[in-house]
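Visitor: This is the structure, below, for whatever I ask next.
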Amino acid sequence: MFWPSSAQASTFMPVQASKIAMHVDSLYEFLLWASLISCVLVIGGFILFSIKYKRKSESDRTPYISHNNLLEFLWSFIPFVVFMVVFAWGFFVYREMRTMPQDGLEILVEGQKWNWTFYYKSGKISAGELWVPENTPIKLVMTSKDVIHSFYLPAFRNKQDVVPGRYTALTFNAEKKGDYQVFCTEYCGDQHSAMLAKLHVVTREEFDRWLANDPYKGLSLTEIGQKVYGSRCAMCHSQSDVKMVGPGWKGLYGSSRTFVSGDPVAKVDENYIRESILNPNAKVVVGFGPASAMPTFAGQLSEQEIMAIIELIKGLK
Ligand code: HEC
Ligand SMILES: [Cu+2]
């Protein structure tokens, strides 16, 4: 379900979407076989010798064996060679993985509890969906708004921690068109497993079209609100009165709210919702304090999207 159906995943491994993925898998396969052979030799030898050299009578004496130069050399040298092969092989694959392209397409990635936002140089902001052209070196420059997350692309065998207060980078070159799953692989709170995104690898033309396209064309404000809700708010807010990480939205508009700070009771109107989205800690609702678990969405949502959310909440009577 997570992998594209166009390319087949093997029994143990997800689809290989890049050359590096193939290189990682080859090394992994080598390690697997080397370990298996060593395991059979060591455990097999152990069992064989225990039977063969079992003490047969009370007077059975172990012969005096001091050493065997050839044997000792071989059991040191052969593993040494194997380990050096693994080291060199791993080094080259790692270097290939971590060498950032000079002329790649740069996209800024921001992680926060619990979604991914992608900022393109054209100004386009995309939530939960990373679009890239095929056969193009991509460089993701990543940071986090709150805790440490980790950006993981299984089909590319590539991941990188995303850390608040600094930038980290990850590169890949998608050789196969298709949709791929992005996970967060650093445990970051109770909705960690829902911190997903989709990578869409498309042709250059499709990519350019997507970049220029207004995703909300022809949609009503409430419909836009639903889209924003689905990608940004659904992990924490229900549209009924069910309490999740945050309060349910049904009947929110027009109701009176009391705050942990003891601030005067406020009535929920447009400005209150706007402030809740841009500065969640300004007024933390009783039952959800002391600090708000909600990240700020300042700079991530357009005015249109904020208005759309307000419109959506207003309609939830
Ligand atoms: C990580 C979880 C989380 C996410 C994601 C989140 N919220 Fe919240 N939200 C909370 C929590 C917790 C509160 C209650 C504390 C507070 O008042 O800030 C809250 C409070 C609110 C309130 C005030 C509710 C009230 O009862 O007065 C509004 C409005 C709101 N959120 C809107 C949004 C919108 C819109 C989004 C998506 C763009 C969103 N939230 C995303 C956790 C979240
Ligand atoms: Cu995370």
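The values are calculated or read from the model by the stated rules, or taken from the named source; none is laboratory data. All values derive from a computational prediction rather than experimental measurement. Cβ coordinates were reconstructed from backbone atoms using ideal geometry, including for glycine residues, and neighbour counts include every protein chain displayed.
Visitor: Show the residue pairs meeting these rules: Cβ distance below 7 Å; 6+ apart or different chains; first residue within the stretch 78-105 and more than 16 Å from Leu31 (Cβ to Cβ); second residue hydroxyl-bearing (Ser, Thr, Tyr).
Guide: Met100/Thr171; Pro101/Thr171; Gly104/Thr171; Leu105/Thr136
Visitor: Which condition from (1) surrounded by 13 or more Cβ atoms within 10 Å (Cβ to Cβ); (2) free of Cβ contacts under 8 Å to residues at least 24 places away in the same chain; (3) not hydrophobic (A, V, I, L, M, F, W, C) is the one that Asp60 breaks?
Guide: Just one mismatch for Asp60, condition (1).
Visitor: Test each condition in (1) outside the structural domain of Lys177 (by TED's automatic domain parsing); (2) assigned to a helix (DSSP H, G or I); (3) out of contact with any His (no Cβ under 9 Å at 6 or more places or on another chain) for Ser240 and report the one that comes out false.
Guide: (2)
Visitor: Here are some conditions: (1) crowded, with 17+ Cβ neighbours inside 10 Å; (2) assigned to a strand (DSSP E or B). Leu108 meets all but one. Which one does it not meet?
Guide: (1)
Visitor: Say we look at the stretch 114-124 and pick out the residues that are buried (at least 16 other Cβ atoms within 10 Å of the Cβ) and more than 15 Å from Met195 (Cα to Cα); which of these is modelled with the lowest pLDDT?
Guide: Step by step, filter the stretch 114-124, then rank; the result is Lys124.
Visitor: Now for a separate question. Looking for whichever is modelled with pLDDT of 90 or more and either more than 16 Å from ligand 2 (Cβ to nearest atom) or assigned to a helix (DSSP H, G or I) (or both) here; the options are Lys227, Lys317. Which one fits?
Guide: Just a single option satisfies the conditions, and that option is Lys227.
Visitor: I'm told Ala155 meets every condition in (1) surrounded by 15 or more Cβ atoms within 10 Å (Cβ to Cβ); (2) touching a Leu at 6+ places or on another chain (Cβ under 9 Å); (3) of a type outside the set (D, E, K, R); (4) assigned to a strand (DSSP E or B) except one. Can you identify the failing condition by its number?
Guide: (4)
Visitor: Here is a follow-up. All but one of (1) exposed (fewer than 14 other Cβ atoms within 10 Å of the Cβ); (2) in contact with an Asp or Glu (Cβ under 8 Å, 6 or more places away or on another chain) hold for Asp269, so report the exception by its number.
Guide: Going through the list (1) exposed (fewer than 14 other Cβ atoms within 10 Å of the Cβ); (2) in contact with an Asp or Glu (Cβ under 8 Å, 6 or more places away or on another chain), Asp269 breaks only (2).
Visitor: Mind checking whether some residue in the stretch 210-221 is within 16 Å of ligand 1 (Cβ to nearest atom), farther than 15 Å from Gly111 by Cβ and either among the aliphatic types (A, V, I, L, M) or in contact with a Cys (Cβ under 7 Å, 6 or more places away or on another chain) (or both)?
Guide: yes
Visitor: Is it the case that Gly111 is small (Gly, Ala, Ser), in contact (Cβ under 8 Å) with a residue 24 or more places away in the chain, closer than 30 Å to Ala194 by Cα and within 16 Å of ligand 1 (Cβ to nearest atom)? Give the derivation first.
Guide: Details: small (Gly, Ala, Ser): yes; in contact (Cβ under 8 Å) with a residue 24 or more places away in the chain: yes; closer than 30 Å to Ala194 by Cα: yes; within 16 Å of ligand 1 (Cβ to nearest atom): yes.
Criteria met by Gly111.
Visitor: Only one of (1) part of a helix (DSSP H, G or I); (2) over 23 Å from Lys124 (Cβ atoms) fails for Ser150. Which number is that?
Guide: (1)
Visitor: Of all residues in the stretch 259-298, count the ones that are over 30 Å from the mean Cα position of the chain (by Cα), farther than 19 Å from Lys314 by Cα and among the polar types (S, T, N, Q).
Guide: 1
Visitor: Does Lys198 qualify as being within 19 Å of Glu110 (Cβ to Cβ) and either acidic (Asp, Glu) or more than 9 Å from ligand 1 (Cβ to nearest atom) (or both)?
Guide: Numbers: within 19 Å of Glu110 (Cβ to Cβ): yes; either acidic (Asp, Glu) or more than 9 Å from ligand 1 (Cβ to nearest atom) (or both): yes.
Taking the combined requirement at face value, the residue satisfies it.
Visitor: Pro295: in contact with a strand residue (DSSP E or B) (Cβ under 9 Å, 6 or more places away or on another chain) and either on the phi > 0 side of the Ramachandran plot or within 16 Å of ligand 2 (Cβ to nearest atom) (or both), yes or no?
Guide: yes
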